[in-house]
Every structure is written in structure tokens, then in C-alpha cells.
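One structure follows; several queries about it will come next.
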Amino acid sequence: MTPFAPHVYAGRRRRAADAAARAGLDGLLVTPGADLAYFLGHTSDTAAERLTLLVVPAAGTTPEGGNDGVADALVVVPRLEAHDLERHAASPVEALAWSDGEDEHAVAGRLLRPHGRYAISDSAWALHVLGLQRALPGTSYQAVTRALPMLRAVKSSEEVARMAAAGAGADAVFGEILTRRFAGRRESDVAADLAALLREHGHEQVDFTLVCAGANGADPHHDAGSTVIEDGDMVVLDFGGLADGYGSDTTRTVHVGEPTAQEREVHDVVRAAQQAGRDAVRPGATCQDVDRAARRVIDDAGYGEHFIHRTGHGIGLTTHEPPYMVEGESLPIEPGMCFSVEPGIYLPGQFGVRIEDIVVAFPEDTPNGSRPLNDSPRDLLVVA
Ligand code: ZN
Ligand code: ZN
Ligand code: ZN
């Protein structure tokens, strides 16, 4: 991923510090993965068991017992990785290195308030959360996407530009796969084509290439197997990954040969539901409004019991992340939020239909609605 300018990362840390203060928290604790990439420009090793922890104190606070009370971000890092982090971070911060044999959680604890309330990365290892609690029994922790949900959910225009490029790549992939043969090939053959095409179209990471033919389409998370695609099959294609650090995720359902009237009808219902979900992005709307709008169309058509998942998920530095477009999620939709709208109907033993686009909420050119970042045709296309 091409790093952004260093000031972008410093700006994100400042925004997090302000948001933490407004939420009544003492700070934000960030562990390796997409969160660390967001704030430092380096993912670090997510599989390493040693503690790496970026501490972003809330604005207006000073780290308790920290080095002379400067409320800037500090990263606690294993001594053997300190150099690597310094060298690879797009925007390095001061490091506090600990050595094997030291209590890493006690070292990190020196930067925390003994009775502090902290937001911490959703993916922080339980080992480390429990270790911090043991080192400082008065502290408490909340998942960052619950405590500060808008931090990564709201994208800057620079981020939206990368999301749009990833989406355009996914559209190009769909355009090319339509010209290839389906009948007589295995799902896994078409999946391999999709993966190669995603790489050709700017993706450095392929996260999923679902190809679900015929009755397999009735299972929303069927991957791609040895099933041979036949004439008459509906085929659900759901593929995506990361292009220059940002995610694409799109689904189209195609048909091998001429579809039946029932197949057309179900596809029409899903298409109308997907449009309704996108249209529900209006000023004042919440995440669950998107789900309700899409679900209402499917309910009204009599297929409600066959729409068996939420309508969407956030996307950004990962292909699936909060917030979720689901009943009960009352977070407001804010300008710059990017998420999927992907209703489906799944008829066991027969076939499934899903249509998915990534949208950005209230961009400059569409201030009262959403703009799709995928825009390939949504009608039921016939393949060979
Ligand atoms: Zn058919
Ligand atoms: Zn998808
Ligand atoms: Zn999705």
C-alpha cells in the first residue's frame, strides 16, 4: 500500500485523541493490524505474541507516570522489533521498548492511568487485555468500534478515492468474467479466474472469490468447490480484496443460458431490495434503516424467510468491518461512511440470488444520498 503523507496519520491520532476525550475515555489503545496501519502506516505482525501497543492519550490528558507528562502518542514495542517499526511506519512515534523477561503489561501500564477507561482495538489479543487488567486492576476496556465507532468508519476523500479505484477494479473483473465459459467448468476454476483478474486489476490481496452454482447458491457462504457448473444454473459470484490498501467487495448473480420465469422474478425482487437499501441512505438515516428498507421489499414479495443475513457491513482497510447494516444498529450514517448493501434470497435445494455494491454515504457530489463504488450492470445477465 502506498502510504499517505505523514501528517495524515498524525491528524488521525489527533482526531482519535479528541474523540476519546469527548467520549469520556482516557485514551485509545491500538494493537497490530488494520488499526495500527490506520494510525502509524504500518500493520506490524498480527501473529506475534509479544505486545505491541500504540497508546493515544485522550486530548487534554497526560499519561500517568509517563515521561514528563507529554500527551503525545507512544508505542510500546518489543525491543527486537523497535527498529523495524521505526523504519516501516509512515509516521513513526516515540517508542517505549521492552525486553524479553520484563513484564510487558507492567511496562505498558506505566503509560496508563490506574483507573483509566480505554478503548482498545477489537482484535487485541485476550492475552494482552487480561495482562493489562492484571497489571492495573482499576482500568477498564471497551472495543474501539463500540466506544468510538466513527474513527475508521468515516473515510476521508483520499480514502474514498482508493475505495473507488478498488471498486472500479472489481467492476472490470466482472466485465471480463462474463466473457468466459461457465458451463462445464468447476466453481473452483471460475474462482481461480476471479482471483487472477482481481490481481490484474490492482488488487494486492484477494480475500474471497465465492462461486456458488445452482443449489449451492442457497448457502450464502458456500465458497467455491468441485461442483461442475451446468446449463440452467444460477451462479452467485462474490469477490473482493484489497487494492492499494482499501477494500472491494461485490456480488452479481448470473445465469447459464435462459433463466426461468421464477429465476427472473426472484432476481427482480433482490434487485429492487438492493436499490431500496441504497435509496435509504438519506440525511438522518441510521444503519438499521438500510436493512429495513431492503428487507421490506423482500418481505412484501413473500420471500422474507429466505433473506437470512444482515444487509451490509462496513469496509475500508479490511473487507468486513463495523458498522453493520442490521436491525438494532442505530448508529447514524455519516458522510464518508463506506459499506455494502447486499440483500439476497436463498431457496434451499434450488438456487440463491445476491446483489452487492459498496456505497459511500453523502459524498460531495451526492450530499443527500449514496454513491455506489461498484457500478456494473445489476440485471440478470446470461452467460455461456
Ligand atoms: Zn436456471
Ligand atoms: Zn461480498
Ligand atoms: Zn460484503
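The values are calculated or read from the model by the stated rules, or taken from the named source; none is laboratory data. Source: prediction; values computed, not measured. Neighbour counts run over all protein chains shown; Cβ positions are idealised from the backbone, glycine included.
Pick from the range 330-343 the residues that are touching a residue at least 60 places away in the same chain (Cβ under 8 Å) and either in contact with a helix residue (DSSP H, G or I) (Cβ under 6 Å, 6 or more places away or on another chain) or more than 20 Å from Pro377 (Cα to Cα) (or both): which of them is surrounded by the most Cβ atoms within 10 Å (Cβ to Cβ)?
Step by step, filter the range 330-343, then rank; the result is Pro343.
Could you pull out the residue among His320, His267, His313 that is within 16 Å of ligand 1 (Cβ to nearest atom) and either touching a strand residue (DSSP E or B) at 6+ places or on another chain (Cβ under 7 Å) or closer than 24 Å to His201 by Cα (or both)? Let's see the steps before the verdict.
Values: His320 fails: within 16 Å of ligand 1 (Cβ to nearest atom); His313 fails: within 16 Å of ligand 1 (Cβ to nearest atom).
Every option except His267 fails the conditions.
Can I ask one more? Among the residues of the range 294-304, is there at least one that is within 15 Å of ligand 3 (Cβ to nearest atom), without any contact (Cβ under 8 Å) to a residue 60 or more places away in the chain and assigned to a helix (DSSP H, G or I)? Spell out how you get there, then give the answer.
Within the range 294-304, the first condition is being within 15 Å of ligand 3 (Cβ to nearest atom), and the residues that meet it are 294.
If we keep only those that are without any contact (Cβ under 8 Å) to a residue 60 or more places away in the chain too, we end up with 294.
So of that shortlist, the ones also assigned to a helix (DSSP H, G or I) come out as 294.
Within the range 294-304, one or more residues are within 15 Å of ligand 3 (Cβ to nearest atom), without any contact (Cβ under 8 Å) to a residue 60 or more places away in the chain and assigned to a helix (DSSP H, G or I).
Quick one: would you say Leu198 is within 16 Å of ligand 1 (Cβ to nearest atom), of a type outside the set (Gly, Ala, Ser) and under 20 Å from the mean Cα position of the chain (by Cα)?
Against the criterion (within 16 Å of ligand 1 (Cβ to nearest atom), of a type outside the set (Gly, Ala, Ser) and under 20 Å from the mean Cα position of the chain (by Cα)), Leu198 does not qualify.
Return the total of residues in the range 106-131 being in a helix (DSSP H, G or I) and within 22 Å of Ala37 (Cα to Cα).
First pass over the range 106-131, keeping only residues in a helix (DSSP H, G or I): 106-109, 126-131.
The next check asks that each one be within 22 Å of Ala37 (Cα to Cα); those that pass are 108, 126-129.
Matching residues across the range 106-131 total 5.
So, one more: Out of (1) surrounded by 21 or more Cβ atoms within 10 Å (Cβ to Cβ); (2) part of a helix (DSSP H, G or I); (3) touching a residue at least 60 places away in the same chain (Cβ under 8 Å), the odd one out for Arg264 is which?
Status for Arg264: all satisfied but (1).
Could you please let me know if Ala218 is more than 24 Å from Gly167 (Cβ to Cβ), touching a Leu at 6+ places or on another chain (Cβ under 6 Å) and away from ligand 3 (no atom under 14 Å from the Cβ)?
yes
Right, another one. How many of the residues making up the range 324-347 are more than 13 Å from ligand 3 (Cβ to nearest atom) and under 15 Å from the mean Cα position of the chain (by Cα)? Please lay out each step first, then the result.
Just the residues of the range 324-347 that are more than 13 Å from ligand 3 (Cβ to nearest atom), to begin with: 327-337, 345-347.
Now restrict to residues that are under 15 Å from the mean Cα position of the chain (by Cα): 336-337.
The number of residues fulfilling the criteria is 2.
Can you work out which of the residues in the range 230-286 that are within 18 Å of Ala195 (Cα to Cα) and more than 16 Å from ligand 2 (Cβ to nearest atom) is nearest to the chain's Cα centre (by Cα)?
Ranking the qualifying residues of the range 230-286, first place goes to Gly245.
Same structure again: Contact list please: Cβ distance under 8 Å, first residue in the range 222-249 and of a type in the set (S, T, N, Q), second residue within 16 Å of ligand 1 (Cβ to nearest atom), pairs at least six apart or on different chains.
These pairs meet every condition: Ser226/Glu187; Thr227/Glu187; Thr227/Ala213; Thr227/Gly214; Thr227/Asn216.
Out of all the residues in the range 36-54, is one or more free of Cβ contacts under 8 Å to residues at least 60 places away in the same chain, touching a strand residue (DSSP E or B) at 6+ places or on another chain (Cβ under 7 Å) and part of a strand (DSSP E or B)?
yes
In the range 147-178, which residues are touching a residue at least 60 places away in the same chain (Cβ under 8 Å), charged (D, E, K, R) and part of a helix (DSSP H, G or I)?
Result: Arg152, Glu158, Glu159, Arg162, Asp171.
Being in contact with a Gly (Cβ under 9 Å, 6 or more places away or on another chain), more than 10 Å from ligand 1 (Cβ to nearest atom), farther than 29 Å from Asp299 by Cβ and not in a strand (DSSP E or B) is the filter here, so list the residues in the range 212-244 that pass it.
Thr227, Ile229, Asp244, listed by residue number.
Further, regarding this structure: Any chance you could count how many residues in the range 198-241 are buried (at least 23 other Cβ atoms within 10 Å of the Cβ) and at pLDDT below 95?
Final tally of qualifying residues: 1.
OK, next. Which of the residues that make up the range 17-37 are under 23 Å from the mean Cα position of the chain (by Cα) and among the charged types (D, E, K, R)?
Scanning the range 17-37 gives a single hit, Asp35.
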